[in-house]
Amino acid sequence: MEFDLIDGSTCVLREAVASDLDSIVALLVDDPLGAVRESADDMDRYRAALEHISSDPRNLQVVAVHGDAVVATLQLTLIPGLARGGALRAQIEAVRVDGRWRSRGLGGVLIRWAIDEAARQGCALVQLTSDVSRTDAHRFYTRLGFVDSHVGYKMQLEPTA
């Protein structure tokens, strides 16, 4: 899908492929939180994760590309459940926009695409989480129509396998 940004730039939104992985990881690392929890030193685990995402029809990793450069990414996951009358929901994760591409409308295009895709897939709701320190992101999501409706909890695990 091709789209124009508010500055007149044109980008293409498409499914991520293996050759995008270095750029995606760079976006994850180039972030205040990602700088302490991500590392491009071990690309094998990111490669395995992208292969897993790509092989699962309920998962989609997308990238926004300008020319040959990946300038943004997000993951959309469809989650079946019994709650809400057996509703399908969509989870948006790992939204990252290259700092040089912020304030051009790119994040809004990505999120609106994810919302539209979730609706097209039959989802009853779209959800996302955002670290409490990301106050700018919270304002952004509120502007797009998301409601701060829940308290989230996470527990860090050490994989046993």
**Asked** How big is D for region 52-104, in µm² s⁻¹ as a whole number, if Stokes-Einstein is applied with the Kirkwood radius of its Cα pairs at 25 °C and 0.890 mPa s?
**Response** 192
**Message:** Averaged across orientations, what area in nm² does the convex hull of the alpha carbons in the chain project?
**Reply:** 10.6
**Request:** Apply the Debye scattering formula to region 94-156, with a single equal point scatterer on each alpha-carbon and no solvent, then give log10 I(q)/I(0) at q = 0.16, 0.20, 0.21 Å⁻¹.
**Result:** -0.61, -0.93, -1.00
**Request:** Starting from region 65-132, pick out the trypsin sites (Lys or Arg not before Pro) whose DSSP state is loop and whose Cβ has at most 16 other Cβ atoms within 10 Å.
**Result:** Arg102
**Asked** Just the accessible area for Asp41, please: 1.4 Å probe, Å², rounded to the nearest 10?
**Response** 150
**Request:** Quick one: among Val63, Val71, Val147, which has the greatest mean-square fluctuation in a GNM of the chain with alpha-carbon springs under 10 angstrom?
**Result:** Val147
**Fill in**
Scoring only Lys, Arg, Asp and Glu (+1, +1, -1, -1) among other residues with Cβ under 14 Å from the Cβ of Arg100 yields -1
**Prompt:** Among residues other than Thr10 whose Cβ falls under 12 Å from its Cβ, what is the net charge (Lys/Arg +1, Asp/Glu -1)?
**Reply:** -2
**Complete:** For the chain, the per residue accessible area (1.4 Å probe, Å²) is 64
**Radius 12 Å from Cβ of Ser54, net charge of other residues (Lys, Arg +1; Asp, Glu -1)** = -2
**Asked** Between Glu117 and Leu33, 0.36 nm times their residue separation minus their Cα-Cα distance comes to what?
**Response** 27.5 nm
**Asked** Hey, with R₀ at 22 Å, roughly what FRET efficiency would Val147 and Ala94 work out to, going by the Cβ-Cβ distance, to 0.05?
**Response** 0.55
**Complete:** Once all protein chains are kept in place, Ile6 shows an accessible area at probe 1.4 Å, nearest 10 Å², of 140
**Asked** How much length is gained if the chain between Met43 and Ser19 is pulled fully straight, taking 0.36 nm per residue apart and subtracting their Cα-Cα distance, in nm to one decimal?
**Response** 7.4 nm
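The values are calculated or read from the model by the stated rules, or taken from the named source; none is laboratory data. Quantities reported herein were computed from a predicted structural model and do not represent experimental measurements. Glycine also receives a Cβ, built like all others from the backbone with ideal geometry; neighbour counts cover every protein chain displayed. Calculation scope for accessible area: heavy atoms of the full protein, side chains included, ligands and nucleic acids excluded. Shrake-Rupley method; radii C 1.70, N 1.55, O 1.52, S 1.80 Å.
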